[in-house]
Amino acid sequence: MLEFDFVGIVLRWMHIFAAIALVGGLLFQRFVLLPAALPLEESLRKELCERSSRRWSKIVMVSALFLLVSGLVNFILTMQLFKGADLPIPKMYHLLFGIKFLLALVIFFLASALAGRGKGTQKFRDHAARWLNVSLVLATLVVAISGILRTTHVAPNALEMDRAMIPSNEVPSNEVPSNEVPSEETPSKEL
Ligand code: HEM
């Protein structure tokens, strides 16, 4: 029977919905709101930007919080998955995760600076198109890296983990070549 990992599924939903909201919002700002506001008269443009920023900044905060919480829990669960399967964590995993984490922090900073009202971050809003472009390039990298991280423990790599967790004498006979008798000494993770 199919088994569902409810915690894992809810975390995945949280992570994906928050990523869609944040990256989608940045795309909307760059390619819809900004060009549409540009021809407006200065005072009107300022008012539109202030009104939309007030609403958008709340979405940025909630999405960043969801991404951080679900991302960190996901990371711990993935480490446990490797440990439970008695498999070494691929060296590349930590490196890529570190790069992704740093890039995500830069995106959170840029998104909140662009949606903020503080004097210290005004220079980002003065060049909004440039900083939105930077955020979108970083977001593309983050999504690409996430895709690579995932393939380290889903099919076909998940099959290897499953095998590592099954005692060698329980591996289905059709997976053992007919001329080879599975040896008792063979460590199961080498299967
Ligand atoms: C702009 C911010 C972020 C975006 C766009 C993003 C996007 C994604 C996407 C698309 C996935 C693949 C989801 C899936 O297929 O289930 C993913 C997985 C993941 N993300 Fe993020 N993420 C962001 C930030 C973060 C942060 C801040 C953390 C850590 C605190 C994090 C940790 C993770 C982990 C651990 C996974 C699972 C990787 C695996 O399957 O091994 N993410 N992320």
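The values are calculated or read from the model by the stated rules, or taken from the named source; none is laboratory data. Since the structure is predicted, the reported quantities are computational estimates derived from the model, not experimental observations. Please note: Cβ atoms are built from the backbone with ideal geometry, for glycine as well, and neighbour counts cover all protein chains shown.
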- Got a number for residues in the range 119-128 being surrounded by fewer than 16 Cβ atoms within 10 Å (Cβ to Cβ) and within 18 Å of R45 (Cα to Cα)? 4
- Say whether the condition of being surrounded by fewer than 17 Cβ atoms within 10 Å (Cβ to Cβ), more than 12 Å from the ligand (Cβ to nearest atom), assigned to a helix (DSSP H, G or I) and not hydroxyl-bearing (S, T, Y) is met by at least one residue in the range 139-158. no
- Message: Any residue in the range 123-141 that is farther than 22 Å from K100 by Cα sitting within a Cβ distance under 8 Å of a residue that is modelled with pLDDT under 95 and of a type in the set (A, V, I, L, M, F, W, C)? List the pairs, counting only those 6 or more apart or interchain.
- Response: R125/C49
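Answer with yes or no whether L81 is among the hydrophobic types (A, V, I, L, M, F, W, C), more than 12 Å from the chain's Cα centre (by Cα), farther than 13 Å from L26 by Cβ and within 11 Å of the ligand (Cβ to nearest atom). Spell out how you get there, then give the answer.
Numbers: among the hydrophobic types (A, V, I, L, M, F, W, C): yes; more than 12 Å from the chain's Cα centre (by Cα): yes; farther than 13 Å from L26 by Cβ: yes; within 11 Å of the ligand (Cβ to nearest atom): yes.
So L81 fits the description; yes.
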- Selected residue [assigned to a helix (DSSP H, G or I) and in contact (Cβ under 8 Å) with a residue 40 or more places away in the chain] from S43, S53: S53
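Could you say which residue among S70, S43 is small (G, A, S), surrounded by 13 or more Cβ atoms within 10 Å (Cβ to Cβ), out of contact with any Asp or Glu (no Cβ under 9 Å at 6 or more places or on another chain) and modelled with pLDDT of 95 or more? Don't jump to the end; show me each part of the working.
On the way: S43 fails: surrounded by 13 or more Cβ atoms within 10 Å (Cβ to Cβ).
Being small (G, A, S), surrounded by 13 or more Cβ atoms within 10 Å (Cβ to Cβ), out of contact with any Asp or Glu (no Cβ under 9 Å at 6 or more places or on another chain) and modelled with pLDDT of 95 or more holds for just one of S70, S43, which is S70.
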- Have a look at L103, L77 and point out the one that is touching a residue at least 40 places away in the same chain (Cβ under 8 Å) and touching a helix residue (DSSP H, G or I) at 6+ places or on another chain (Cβ under 6 Å). L103
- Item | Odd one out for R55 among (1) in contact with a Ser or Thr (Cβ under 8 Å, 6 or more places away or on another chain); (2) more than 15 Å from the ligand (Cβ to nearest atom) | (1)
- Message: Checking G24 against (1) in a helix (DSSP H, G or I); (2) more than 21 Å from the chain's Cα centre (by Cα), only one condition comes out false. Which one?
- Response: (2)
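Give the range 1-40 a look and list any residue that's surrounded by 16 or more Cβ atoms within 10 Å (Cβ to Cβ) and without any contact (Cβ under 8 Å) to a residue 24 or more places away in the chain, or say none.
So the first thing to find is which residues in the range 1-40 are surrounded by 16 or more Cβ atoms within 10 Å (Cβ to Cβ), and the list is 11, 14-15, 18-19, 21-23, 25-26, 29-30, 33, 37.
Answer for the range 1-40, where residues must be surrounded by 16 or more Cβ atoms within 10 Å (Cβ to Cβ) and without any contact (Cβ under 8 Å) to a residue 24 or more places away in the chain: L33, A37.
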